[in-house]
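Scroll down for the structure; my scribbles are underneath it.
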């Protein structure tokens, strides 16, 4: 009788999640291309695989093998393109994966926290979280990575206290989905680290699990690693050892630089990223130092999360291992990589820790101040009221046209497509974005302040045209414009769009 009651309750909640998701997703869905550039690269690589050209940059005249993005998400996109060749299709797939993530999060939070109320209250927070909603409407790997990471953890949990064939089956499932997550984003290595920590500190009798996972991982990763080495090494590792990947002239890290990076990352995650991913109410200017108020808020939230995680009833070591392993990786990454996208995979666990911590502290203060077994209506209402302005902003952005600076940029790209000019090479700041709208070959320019070197490199890249944009990236002003100004006799003006000024120049022979 109790089992039937629980199943009916879970079914009702999952249906409610479905209905709530459909309303929110339709409200914020954006058909436009996101301006970050990586989403265009994922689509381009997926299209290359779909067309049978291999894992190459098809926007490049050299069709050079791509060694920057892990192949997991492009492989998923290529499979989808066999059914529906459209930006919209990829966006909708991410939406479906977010829906599955919400349902999986409810089941995981319920089982880990052992508290139905915490699980139910977490869902409205996740459902209207604008970061999750935004990444589910653009062609980025955050939502697929989050889903497959949670799926791997879910199967590991299921195997936790089992024996026999079911245990083996669930461990195999955990490993398969771990590898999918890892091939989507290398941050997935934190999953393997957390599994290892659990075996070492909690499941010592199951050391064979770890013994099986490590060689299986090595064999599964070896083909991609060997390919990367053949192409000159992993590009993420190369960026990791730079002081600033966007300023290569600054050189490589030393021990002192690494220490400064870790301290800056700790400060930023406490004062900005963790509060923002949980409560996306404020827009930060990362050029400003964190205020006293941000420090107080960030430390308070961090303490509550720690209290909540420490007082989990089950699977504490796996949660601590996964969160700790992930943060160790994130603290080593360049501190110029700002924003919540890197901490987003931890959102369900951060939220669970926060809600569980609030409940524990309130109970400790006064035993009457506890969450009821059924989620109170006023709590849901307050959540929706607090998050609605940010959700409405997403809705408004989805209905707007491209900003003038991007519109001019894309109009130049469309100029090539309208005239069916496809065999030329265009050098521009966002080459893959330009390729999607132009159909031409595209390339970047060399980040050097030596104007002669930059011009010579353009010719090595077989460049025919150059775009001067107003997209706001410093490399255009720092490298490209001075080189063109110092060598104006080598360029011919072809197009000029105003407000803001955007130029298409032809590089003369």
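None of the figures in this text is laboratory data; all of them are computed from the coordinates on show. No experiment lies behind these values; they were computed from the predicted model shown. Neighbour counts run over all protein chains shown; Cβ positions are idealised from the backbone, glycine included.
Using Cβ counts within 10 Å as a stand-in for footprinting exposure, how do 116, 257 rank, fewest first? All intermediate terms of the calculation are to be shown ahead of the outcome.
Numbers: 116 19, 257 16.
Ascending Cβ contact count within 10 Å gives the list 257, 116.
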Response to the item:
Per residue convex hull volume, Cα only, the chain, in Å³ is 177 Å³
Worksheet item: Hey, can you rank 7-15, 424-432, 454-462, 66-74 by average C-beta count inside 10 Å, highest first?
Response: 424-432, 66-74, 454-462, 7-15
Fill in: Label-to-label distance, nm, for residues given as residue 401 and residue 255 (7 Å Cα→Cβ offset)
5.8 nm
Worksheet item: Taking only Cα atoms, what is the 0 to 90° angle, nearest 10, from helix 72-81's long axis to the longest principal axis of the chain?
Response: 80 degrees
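For the range 20-176, what mean projected area does the convex hull of the alpha carbons give, in nm²? Don't skip to the end; give the middle numbers.
Details: hull surface 44.4 nm².
Result: a mean projected hull area of 11.1 nm².
How high is the FRET efficiency between residue 212 and residue 18 when r is their beta carbon distance and R₀ equals 45 Å, given to the nearest 0.05?
Details: r = 37 Å, r/R0 = 0.81.
For R0 = 45 Å, the calculated efficiency reads 0.75.
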Worksheet item: To the nearest 10 degrees, how steep is helix 404-418 against the longest Cα principal axis of the chain, on a 0 to 90 scale?
Response: 60 degrees
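Express in nm, to one decimal, how much length is gained between residue 231 and residue 448 on full extension, taking 0.36 nm for each residue of separation and deducting their alpha carbon distance. Working shown, then result.
Numbers: separation 217, 0.36 × 217 = 78.12 nm, distance 2.29 nm.
The residue 231-residue 448 span can extend by a further 75.8 nm.
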Discussion item. Taking the Cα centroid of the range 1-80 and of the range 338-366, what is the distance between the two, rounded to the nearest whole Å?
Written reply: 26 Å
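What length, rounded to one decimal in nm, is gained on full extension from residue 328 through to residue 477, with 0.36 nm per residue of separation minus their alpha-carbon distance? Walk me through the numbers on the way to the answer.
On the way: separation 149, 0.36 × 149 = 53.64 nm, distance 3.50 nm.
Contour length minus Cα-Cα distance gives 50.1 nm.
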Discussion item. Out of all DSSP beta bridges in the chain, what portion is antiparallel? Express it as a percent rounded to 5.
Written reply: 70 percent
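Using the number of other C-beta atoms within 10 angstrom as an exposure proxy, rank 145, 491 with the fewest first. Intermediate results must be reported in sequence, preceding the final value.
Numbers: 145 26, 491 19.
So the residues, fewest neighbours to most, are 491, 145.
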Worksheet, complete the sentence: With -39,500 (n - 2.57) per DSSP H segment of 4 or more residues and division by the full residue count of the chain, the 222 nm estimate, nearest 500 deg cm²/dmol, is -20000 deg cm²/dmol
Worksheet item: Stretched out fully, how many nm does the piece from residue 31 to residue 202 gain, at 0.36 nm a residue minus the Cα gap?
Response: 56.8 nm
Item to complete: State the antiparallel share, in %, of DSSP beta bridges confined to the range 404-507, rounding to the nearest 5.
Response: 65 percent
Worksheet item: For the range 234-369, what are the per-bin percents of Cα-Cα distances with bins 5 Å wide, up to the bin holding the maximum?
Response: 2, 9, 17, 20, 18, 14, 10, 5, 3, 1, 1, 0, 0
Practice prompt. Using only Cα atoms, find the angle between the long axis of helix 2-28 and the longest principal axis of the chain, and express it within 0 to 90 degrees, rounded to the nearest 10.
Written response: 20 degrees
Response to the item:
Dividing the alpha-carbon radius of gyration of the range 153-265 by 2.2 N^0.38 Å, where N counts its residues, gives 1.36
Discussion item. Within the range 108-139, name every residue whose backbone N is under 14 Å away from a label modeled 7 Å from Cα of residue 8 along the Cβ vector.
Written reply: none
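How many percent of Cα pairs in the range 404-507 exceed 20 Å?
Numbers: 1603 of 5356 pairs.
That fraction is 30 percent.
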Worksheet item: What does the highest-first list of 44-53, 269-278 look like by mean Cβ count within 10 Å?
Response: 269-278, 44-53
